[in-house]
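Colleague: The structure follows.
The values are calculated or read from the model by the stated rules, or taken from the named source; none is laboratory data. Not measured: the values here are computed from a predicted model. So basically every Cβ, Gly included, is an ideal-geometry build from the backbone, and we count neighbours across all protein chains shown. When the accessible area is computed, the model is the full protein with side chains, heavy atoms only, and any ligands, DNA or RNA have been set aside. Shrake-Rupley method; radii C 1.70, N 1.55, O 1.52, S 1.80 Å.
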Amino acid sequence: MKNNFYRKVLKNGMSLILEKRNLPVVSIAFAVKNGGVNEKEEEKGISHFIEHLLYKGTPTRNSKKIADEIEKRGGQLNGFTSEEITAYWCKIPSRHLKIALNVLSDMIKNPLFDEKEIEKERLVIFEEIKMYHDTPRLHVFDEIQKSLYDKTMGINLAGTFETMNSINRGKIIKKFKQVYTPNNLILCVVGDADFDLLVEFAEKNFDSKIGKVPFNKFNKRNDSKIEFRSGIDQANLVFAYHSPLARDDLSYASLILNTLMAGGMSSRLFSEIREKRNLAYAIKGECSINKTFSYGLIYVGTMKENVNRVKELILEEFEKVSNELDEKELKEIKEQLIGNYYISLEDSQNQMANLLISEIHGNAKDFYDFEKKILQVALKDVKKLAFNVKNDYSFFALVPK
């Protein structure tokens, strides 16, 4: 794949990325280097709000026409907002590449921000906020980040009822003009496309306006909390710990540690909690490794009387890893992660997201060094990260009342 990779930063600062493939499909994204971490506490949710509104129409396309031009040609259209990026993407037969480029670029250059649509979409996001709160698994993931960080990082990406009610059309337009400028944009394509065509399109359709993405400071913290709720039968808990940032090679050691602990049915905690003790059905590990913040987590669904025991078992297993992990087990986990990496390359949409995230972290080309970086991880570094967990973790559980 690396031999078919192309990257260029235009004079206006816009980044262009292509991984060329022979299959007649392309995944395309326009992304802005802005997300929840770039918002003030009082405006939390504005990036996500703007993402929703960009699908509502331009002077030449209403929301129906935007969808029709992609979907009636067999394409898929969607977007996402994270703490560090907001993206607008489609997956479509490659013969329709030019149409997809025109539709997506029109959306990010010429949104109407119609007052009526703003008010309608505000109501939609209110329902989204309720969904996150009312779905136990989503709620605990929100709460654990709040236990790990303060200020804007302690508020859900969708915002709150208070912040969303305070965001009016004027604030939306001001934020849009501030960050949706070419120097903050990435165009990423994976599939059957010509790089020169992409360069020509971008140079022709994007000016040289300069914008600045703000950054609001926040602090790491640790907290443990149990919340009781009526109407649920299962306790949902998350154990999380701070980890090295994306540009630190130790972040690869943290990936190994999390996979070792809760990366599938062969993981230590799956064996210890589910297979040996039958204390849970779902056990899942995740890493959120970013440029400005990073943490690993372990999710478990269990009975309420088992919450404290499960927490103890997690801590005990980290302690065991810090003392007992050997080269043989480390080699096995490395092979697992490298295999996962190659499987992730199969789908062009997944690969598009992979390259976007790597570009946000510094340079999309670094994504192709994953195997080398994993193989370079030393046993002592994984054991040290495991040892540090006991003094740097947060815990949240939602438990039946």
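Colleague: Go through the residues of segment 42-53 one by one and say whether even a single one is modelled with pLDDT of 95 or more and open to solvent by 70 Å² or more (accessible area, probe 1.4 Å). Working first, answer last.
Modeller: Within segment 42-53, the first condition is being modelled with pLDDT of 95 or more, and the residues that meet it are 42-53.
Those still in the list that are open to solvent by 70 Å² or more (accessible area, probe 1.4 Å) too: 42.
So far as segment 42-53 goes, yes, one or more of its residues are modelled with pLDDT of 95 or more and open to solvent by 70 Å² or more (accessible area, probe 1.4 Å).
Colleague: Let me ask you something else. Look at K334 and say whether it is in contact with a Phe, Trp or Tyr (Cβ under 9 Å, 6 or more places away or on another chain) and either basic (K, R) or modelled with pLDDT under 95 (or both).
Modeller: Details: in contact with a Phe, Trp or Tyr (Cβ under 9 Å, 6 or more places away or on another chain): no; either basic (K, R) or modelled with pLDDT under 95 (or both): yes.
For K334, the condition - in contact with a Phe, Trp or Tyr (Cβ under 9 Å, 6 or more places away or on another chain) and either basic (K, R) or modelled with pLDDT under 95 (or both) - is not met.
Colleague: While we're looking at this one, here's another question. Can you tell me which residue within segment 259-285, out of those that are in contact with a strand residue (DSSP E or B) (Cβ under 6 Å, 6 or more places away or on another chain) and part of a loop (DSSP other than H, G, I, E, B), is surrounded by the fewest Cβ atoms within 10 Å (Cβ to Cβ)?
Modeller: Looking at residues that are in contact with a strand residue (DSSP E or B) (Cβ under 6 Å, 6 or more places away or on another chain) and part of a loop (DSSP other than H, G, I, E, B), I get L279.
Colleague: For segment 374-389, give me each residue that is of a type outside the set (G, A, S) and either open to solvent by 90 Å² or more (accessible area, probe 1.4 Å) or not in a helix (DSSP H, G or I) (or both). Working first, answer last.
Modeller: Taking segment 374-389 and keeping what is of a type outside the set (G, A, S), we get 374-377, 379-385, 387-389.
Within segment 374-389, L375, Q376, V377, K380, K384, F387 meet the criteria.
Colleague: I would also like to ask the following. Looking at this structure, is K204 of a type in the set (K, R), under 18 Å from I108 (Cβ atoms), open to solvent by less than 20 Å² (accessible area, probe 1.4 Å) and out of contact with any Pro (no Cβ under 6 Å at 6 or more places or on another chain)? Steps first, please.
Modeller: Details: of a type in the set (K, R): yes; under 18 Å from I108 (Cβ atoms): yes; open to solvent by less than 20 Å² (accessible area, probe 1.4 Å): no; out of contact with any Pro (no Cβ under 6 Å at 6 or more places or on another chain): yes.
Judged against the criteria, K204 is not a match.
Colleague: On the basis of being part of a strand (DSSP E or B), under 30 Å from L187 (Cβ atoms) and open to solvent by less than 40 Å² (accessible area, probe 1.4 Å), does S288 make the cut? Spell out how you get there, then give the answer.
Modeller: Details: part of a strand (DSSP E or B): yes; under 30 Å from L187 (Cβ atoms): yes; open to solvent by less than 40 Å² (accessible area, probe 1.4 Å): yes.
So S288 passes the test.
Colleague: Now, a different point. Are there any pairs with C-beta distances below 8 angstrom linking a residue in segment 271-282 that is of a type outside the set (A, V, I, L, M) to a residue that is open to solvent by 100 Å² or more (accessible area, probe 1.4 Å), with the two at least 6 apart or on different chains, and if so which?
Modeller: Going by the 8 Å Cβ cut-off, the qualifying pairs are R274/Y281.
Results for (1) touching an Asp or Glu at 6+ places or on another chain (Cβ under 9 Å); (2) open to solvent by 10 Å² or more (accessible area, probe 1.4 Å); (3) not hydroxyl-bearing (S, T, Y), shown as yes or no for each residue.
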site: L157; (1), (2), (3): yes, yes, yes
site: M164; (1), (2), (3): no, no, yes
site: V190; (1), (2), (3): yes, no, yes
site: D196; (1), (2), (3): no, yes, yes
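Colleague: State which residue is most open to solvent (accessible area, probe 1.4 Å) when the search covers only segment 354-373 and only residues that are without any contact (Cβ under 8 Å) to a residue 60 or more places away in the chain and not aromatic (F, W, Y).
Modeller: My answer is K372.
Colleague: Could you tell me whether any residue of segment 234-244 is out of contact with any Gly (no Cβ under 7 Å at 6 or more places or on another chain), among the hydrophobic types (A, V, I, L, M, F, W, C) and either part of a loop (DSSP other than H, G, I, E, B) or within 19 Å of K44 (Cβ to Cβ) (or both)?
Modeller: Among the residues of segment 234-244, not one is out of contact with any Gly (no Cβ under 7 Å at 6 or more places or on another chain), among the hydrophobic types (A, V, I, L, M, F, W, C) and either part of a loop (DSSP other than H, G, I, E, B) or within 19 Å of K44 (Cβ to Cβ) (or both), which makes the answer no.
Colleague: Would you check if N22 is part of a loop (DSSP other than H, G, I, E, B), out of contact with any Cys (no Cβ under 6 Å at 6 or more places or on another chain) and either of a type in the set (S, T, N, Q) or surrounded by 15 or more Cβ atoms within 10 Å (Cβ to Cβ) (or both)? So that I can check it myself, show each step before the final result.
Modeller: Details: part of a loop (DSSP other than H, G, I, E, B): yes; out of contact with any Cys (no Cβ under 6 Å at 6 or more places or on another chain): yes; either of a type in the set (S, T, N, Q) or surrounded by 15 or more Cβ atoms within 10 Å (Cβ to Cβ) (or both): yes.
Yes: the conditions hold for N22.
Colleague: Do any residues in segment 207-231 that are farther than 13 Å from N184 by Cβ and among the hydrophobic types (A, V, I, L, M, F, W, C) have Cβ atoms under 7 Å from those of residues that are part of a strand (DSSP E or B) and modelled with pLDDT of 95 or more, where the two are at least six apart or on different chains, and which pairs are they?
Modeller: Final answer for the pair search is F218/Y149; I226/A397; I226/V399; F228/V399.
Colleague: OK, next. Show the residue pairs meeting these rules: Cβ distance below 7 Å; 6+ apart or different chains; first residue within segment 302-322 and open to solvent by less than 40 Å² (accessible area, probe 1.4 Å); second residue charged (D, E, K, R) and in a helix (DSSP H, G or I).
Modeller: L313/E272; E317/R268; E317/E272; F318/K390; V321/K383; S322/K383
Colleague: Kindly establish whether G75 is without any contact (Cβ under 8 Å) to a residue 60 or more places away in the chain, surrounded by 15 or more Cβ atoms within 10 Å (Cβ to Cβ), over 22 Å from I118 (Cβ atoms) and in contact with a strand residue (DSSP E or B) (Cβ under 7 Å, 6 or more places away or on another chain). Working first, answer last.
Modeller: Values: without any contact (Cβ under 8 Å) to a residue 60 or more places away in the chain: yes; surrounded by 15 or more Cβ atoms within 10 Å (Cβ to Cβ): yes; over 22 Å from I118 (Cβ atoms): yes; in contact with a strand residue (DSSP E or B) (Cβ under 7 Å, 6 or more places away or on another chain): yes.
Criteria met by G75.
Colleague: One residue is enough: does segment 234-256 have a residue meeting the conditions open to solvent by less than 70 Å² (accessible area, probe 1.4 Å), over 24 Å from G13 (Cα atoms) and free of Cβ contacts under 8 Å to residues at least 24 places away in the same chain?
Modeller: Keep residues of segment 234-256 that are open to solvent by less than 70 Å² (accessible area, probe 1.4 Å), which gives 235-244, 246, 248, 250-256.
Adding the requirement that they be over 24 Å from G13 (Cα atoms) leaves 235-244, 248, 250-256.
Among the residues that remain, those that are also free of Cβ contacts under 8 Å to residues at least 24 places away in the same chain are: 248.
Scanning segment 234-256 turns up at least one residue that is open to solvent by less than 70 Å² (accessible area, probe 1.4 Å), over 24 Å from G13 (Cα atoms) and free of Cβ contacts under 8 Å to residues at least 24 places away in the same chain.
Colleague: Turning to a different aspect of this structure: Only one of L330, L297 is in a helix (DSSP H, G or I) and either in contact with a helix residue (DSSP H, G or I) (Cβ under 7 Å, 6 or more places away or on another chain) or open to solvent by less than 20 Å² (accessible area, probe 1.4 Å) (or both); which?
Modeller: Working: L297 fails: in a helix (DSSP H, G or I).
Answer to the selection: L330.
Colleague: Give me the pairs, please: first residue somewhere in segment 60-71 and hydrophobic (A, V, I, L, M, F, W, C), second residue anywhere and modelled with pLDDT under 95 and part of a loop (DSSP other than H, G, I, E, B), beta-carbon distance under 8 Å, and either six or more positions apart or on two chains.
Modeller: none
Colleague: Continuing with this model, one more query. Which one is most open to solvent (accessible area, probe 1.4 Å) among residues in segment 86-97 that are in a helix (DSSP H, G or I) and in contact (Cβ under 8 Å) with a residue 40 or more places away in the chain? I'd like the intermediate steps shown before the answer.
Modeller: At the first step, the residues of segment 86-97 found to be in a helix (DSSP H, G or I) are 94-97.
Subsequent filtering for residues that are in contact (Cβ under 8 Å) with a residue 40 or more places away in the chain retains 94-95, 97.
Numbers: S94: 21, R95: 192, L97: 12 Å².
Only one residue fits best here, namely R95.
Colleague: Shifting gears a bit: When you look at I28, is it surrounded by 24 or more Cβ atoms within 10 Å (Cβ to Cβ), in contact with a strand residue (DSSP E or B) (Cβ under 7 Å, 6 or more places away or on another chain) and within 22 Å of P182 (Cβ to Cβ), yes or no?
Modeller: Judged against the criteria, I28 is a match.
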